[in-house]
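Rule-based calculations on the coordinates, nothing more; no lab input. What you see is a predicted model, and the numbers here were worked out from it, not measured in a lab. Cβ atoms come from the backbone with ideal geometry, glycine included; neighbour counts cover every protein chain shown.
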């Protein structure tokens, strides 16, 4: 029966769109309460340590401090998040800390500076314990014990193993067995609004009101009441905007509970908003996994059996780890038709940030592993990868080894449609070099009983006095438009205009219980509750009107917002009239997933009413010279049942797909000693707008009878297939399979060079200093690093603490120089401030005085002075880019400097600031007590740590590369710099401006005034070539070139590298190879081939050598094109 | 908003840093001259539409226009906006009517959680002010500094293209 829908299937803008585009929606960050305090959390500096003593008294005595708390203050003890079996974590540490960044104590004070000062006064004495950071290490004999749970070996939080069907027989009878190990690290959800809480305790009533970024107010409230020892009814979560969820604000209640206890103790409202770094080091990350997947295949291609052995890295405590155990076993047993299936999964403790949850809950990566194998099998069998998938696709009526009974199933249609739309057949027949196609499928329960509470939802509908309807739900709209979708459901069921519905989400006092926004459950479960509520609402109106008019309720109808007696035009009332006549009333609709819970030990059982499917095809192009992947096109086709709101669903799909692109190509938390070091939105490679490819979406609408109006769940669908499809496309393009994520350009280029060769000669002996460096590096692991680390901690200059500097604003250049003379090393000059202020937060700079020179007109502007261009050091990058003088006389400046950062930063940052910025090494910025902080007594962390971004040439004590794009550009242009102090001016050649370790030669009392760029002789070819994640990102490698031709022959060449050495290194061997030659192909090959002469790469960055060669080649090829004939 | 700060806080004698025009209203600037403008807007003036996503100039949620130029207000010291004309998200819609940029973003469903929106609106405004017919590359370059984790930027790009009559790549 075709039903005509009024609201379902409509492209509706989200109900809160106006509030969002005008900035009026109040997020937790924006909530203020009278007398609100600022809360801060003291975090563990150690990965594993015993707390010997904790002294809060000095902090309590500090001015403005209203509450100081520690673990013992939580009377309820540990969180019970995943049930008592998994309880292992206190809101604030008790006795032991088990990861760096763990919450140890917390302070609430009148102001942020007061809270900071108080935090610094908390004295904690630790006894450091051995720590372990990998699952393999944690499972080894004699590993440090992080947790020992009853009935399990040490460091195991959960062990789940089962076999469904005769797995052993399947493998014994297989014609083909493929086996592979796939692993990946943790990605971070990156909600743009960090986790935050505002808690307001009223001592008179004992009521605690809470505004918090949480996807599940129901669970957060329960947990708060539990750990604080409050009655559930006294805790009320209120509604607020949520700046992103993706699992990152799922059940786990830190820092919420901490803010709550601070408020209870202070008897004042308290806000805690994590800063971006805290969000990285102690937020809720995805879980790292290692998965060994084996598949048994019959000669005709049938999958006889699949077996997965896997470790999930739980981090130091259990939050959502068990859901990850479940995600892997579900895909192992259910994706494609498989005869028998088994698994052995261990959730393993390590001394790292506890895993939380992230979109897909581990499914994207296990699907990647399985789909990689499906490709491998198809290749073995000599079959087309798409056709093969169709032959093994799940079908309606199937029962999987895990007991799932598949009802509606659009997988075949999804695969077929995705193949057609990407042009699979045609492109497979005519493959292009370095282009590749990939396809992947997925299956997702829609949705099962995940919680001990079951899986239920309530939606309330309240007719208010003014005739408007308030829809109440305890789910939390993190941006998914779920509030709009629930209103659509209710409006459809009631047959009213959707404009008369308001939605109140999250509010635990005024909206009924619901398990929250996770596991793609809201559309499916809460949606059904909204329909039920709508039906009850209409029944209630009819009942009341029947009594009013003294007729049989069956005689009363309610259509299009008007109630009346059938066939009687006199007795009709609209909503406002009904509200006025019958008073406000409220009904609550409930929906339960009436399914048995799957066996919690093995996951066995048909536990979801429906299963969603999808297929995603990707076409990529790999640049074999740099390893960069360009996504040509993505086609996603999904069976999500009926589409309720296409505009919202498309947005969900786009967002999930781009998150999947991030996961497969670039995103990864990089750890050092258990601590994430890439804790900024630059060093953590979150996808930006340049990474958005062409995405085409289609939906196979199967209208599932179990779903609300035929819908199935969908939120996690898109990311689940994206990772696998792109990885398979990369394998297709390169012929190389990658078994770790993310598949970065570096990994791809490394693999291509290893296979195809030749690796460009580094010839480290050409730089004699390398001998000394190599010897030191050889001694690093066992001798030098431990010794320097110990020594540095004892005698090195400590990493600077953040203090509030005084700001001076000179009104003239001479005043500025006098200030510099007076304050010297205690002062920092601030121009744009875009590096300085960030560095101050990170502990890179700690000036007592800031001298703000941005107002000095002497330092701004561009002019021609004789035969050079004078650029004020305080001129913004944007001003240089837009100056006609730059474009007309020095095209390299305009073309090259446009690679710096982002529009906003170029509008603020100055040329002098770019040249003088500090290094971006993630160890230095963590900050680790390295050579740059502590001096010669401290080690360089890049020698043993993750050195993928570091220098390959010229690095000694410090391996941080020069990332100022202006530096190599000005070297190529032969610029000179003018600096001054009160005693006078001096001129410095750009090549003399940096010391070998990369610091500038400016004295503490010197100010950089101008940059002089010579205008003659004119280099006809000027170009800046850079390789970075995105245009404005810091360079992995860059080359600036200025070439003067004499006829077709190179008369003079100045080339300089960025991103590969501690300073902008002049490419002398390349220049020498070019002088006097025409830029013919062999000359270019020869010149580019010596670009890395004298390099001595670190463990992880040898790939920068072929990368540098590639961009030098590219640059010279462009020069050849532009050379005079 | 007229002279909001001076009304609330009275005359800020010693700590007065001068005045600025914020969304067309004259406002007294006061307090620590090094305090980032974003915090002054949010905490002193209650203009909480300007969001702080990172505090380090890396996400663009705090983008405002100072004398027509898009900057990260989380890195802009307060004293630098003395006598400047500032436009924040609160100055974009007038008398309850959405700005055409806001309408386009809404109609295209260009956002989800909405936290990036204020900064995104301001960056788009700065772009179109300087260049009413941007190329695809111009659009992507102008919005490179604005991180959105929800949308994948697809509908955002569609919305911006619709504002300039469909850009060519």
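General remarks:
- Other protein chain C-beta atoms within 10 Å of residue C-beta, averaged over A:652-659: 5.
- For segment A:1-122: rounded, prolate or oblate by the Cα gyration tensor [a/c cutoff 1.5]: oblate
- Tilt relative to chain A, helix A:527-549 - C-alpha long axis, 0 to 90 degrees, to 10: 40 degrees
- The modelled label-to-label distance between residue A:61 and residue A:597, using points 7 Å beyond Cα along the C-beta direction, is 5.2 nm.
- In terms of its Cα atoms, segment A:680-816 spans 72, 55, 37 Å along the principal axes, sorted from long to short.
- Working from Cα pairs under 8 Å separated by at least six residues, relative contact order for segment A:42-196 is 26 percent.
- Residue exposure proxy: A:585, A:133, A:219, ordered by other Cβ atoms within 10 angstrom of their Cβ from fewest to most, comes out as A:585, A:133, A:219.
- Euclidean distance of C-alpha centroids, segment A:380-452 and segment B:102-152, integer Å: 35 Å
- Projection of the Cα convex hull of segment B:82-121, averaged over all directions and equal to a quarter of that hull's surface, yields 3.6 nm².
- Label zone (residue A:125, point 7 Å along Cα-to-C-beta; backbone nitrogen cut-off 11 Å) within segment A:40-68: A:52-55.
- Each principal axis of the Cα atoms in segment A:185-275 has its own extent, and those three values, largest first, are 46, 23, 22 angstrom.
- Area projected by the alpha carbon convex hull of segment A:550-605, averaged over all directions, nm²: 7.1 nm²
- Peptides A:50-60, B:115-125 ordered by average Cβ neighbours within 10 Å, highest first: B:115-125, A:50-60
- Note on residue A:621 and residue A:804: the model spin-label points, each 7 Å out from Cα along the C-beta direction, lie 5.5 nm apart.
- Dimensionless Rg ratio for segment A:292-438, taking C-alpha atoms and the 2.2 N^0.38 Å reference: 1.17
- Fewest-first sequence of A:414, B:148 by Cβ atoms within 10 Å of each Cβ: A:414, B:148
- Separation of the residue B:32 and residue A:996 label points, Cα + 7 Å toward Cβ, nm: 4.1 nm
- Volume of the Cα convex hull of segment A:277-333, divided per residue and given in Å³: 84 Å³
- Compactness ratio for the protein assembly as shown: Cα radius of gyration over 2.2 N^0.38 Å (N = residue count) comes to 0.93.
- Prolate/oblate/rounded label for segment A:598-719 (Cα gyration tensor, a/c 1.5): oblate
- Helix B:154-163 vs. chain B, principal-axis angle (Cα, 0 to 90°, nearest 10): 80 degrees
- Considering segment B:34-84, its Cα convex hull presents a mean projected area of 3.2 nm².
- Residues of segment A:495-518 with amide N under 16 Å of a point placed 7 Å along Cα→Cβ from residue A:19: A:499-511
- Highest average packing first - A:887-894, A:734-741, A:680-687, Cβ atoms within 10 Å: A:680-687, A:887-894, A:734-741
- At R0 = 30 Å, FRET efficiency that the Cβ-Cβ distance of residue A:846 and residue A:202 yields, to 0.05: 0.15
- FRET efficiency for the pair residue A:581 and residue A:495, taken as 1/(1 + (r/R0)^6) with r the Cβ-Cβ distance and R0 = 25 Å, rounds to 0.80.
- Residues residue A:590 and residue A:566, FRET efficiency given R0 of 35 Å [Cβ-Cβ distance, rounded to 0.05]: 0.75
- Added length on full extension, which subtracts the Cα-Cα distance from 0.36 nm per residue, residue A:1052 to residue A:822: 78.3 nm
- DSSP bridge pairs, the protein assembly as shown: antiparallel proportion in percent, nearest 5: 80 percent
- Remark: segment A:443-496 is approximated by an ellipsoid whose semi-axes, taken from the C-alpha gyration tensor as √(5λ), come to 26, 13, 11 Å, largest first.
- At full extension, residue A:426 and residue A:794 could sit 125.8 nm farther apart than now, given 0.36 nm per residue minus the alpha carbon distance.
- Cα centroid separation, segment A:182-227 to segment A:53-93 (Å): 16 Å
- Principal-axis tilt of helix A:745-756 within chain A, Cα atoms, nearest 10 degrees: 70 degrees
- Counting, for every residue in A:688-697, the Cβ atoms of other protein chains within 10 Å of its Cβ and taking the mean gives 5.
- For the pair residue A:858 and residue A:765, the difference between a 0.36 nm per residue extended length and the Cα-Cα distance amounts to 28.8 nm.
- For the peptide B:67-76, the mean number of other protein chain Cβ atoms found within 10 angstrom of a residue's Cβ is 6.
- Shape metrics for segment A:735-861, restricted to C-alpha atoms - Rg then Dmax, Å: 23.6, 64
- Ordering of A:256-264, B:25-33 by packing [mean C-beta count within 10 Å, highest first]: A:256-264, B:25-33
- Chain A, relative contact order [Cα under 8 Å, separation at least 6], %: 10 percent
- Whole-Å distance, taken between Cα centres, linking segment A:955-1009 and segment A:1061-1106: 23 Å
- Tensor-based shape of segment A:659-740 (alpha-carbon gyration tensor, a/c under 1.5 rounded, otherwise prolate or oblate): prolate
- Relative contact order of segment A:826-869, taken over Cα pairs closer than 8 Å and 6 or more residues apart, is 43 percent.
- Counted by neighbouring Cβ atoms within 10 Å, the residues B:88, A:1016, B:63 run from fewest to most as A:1016, B:88, B:63.
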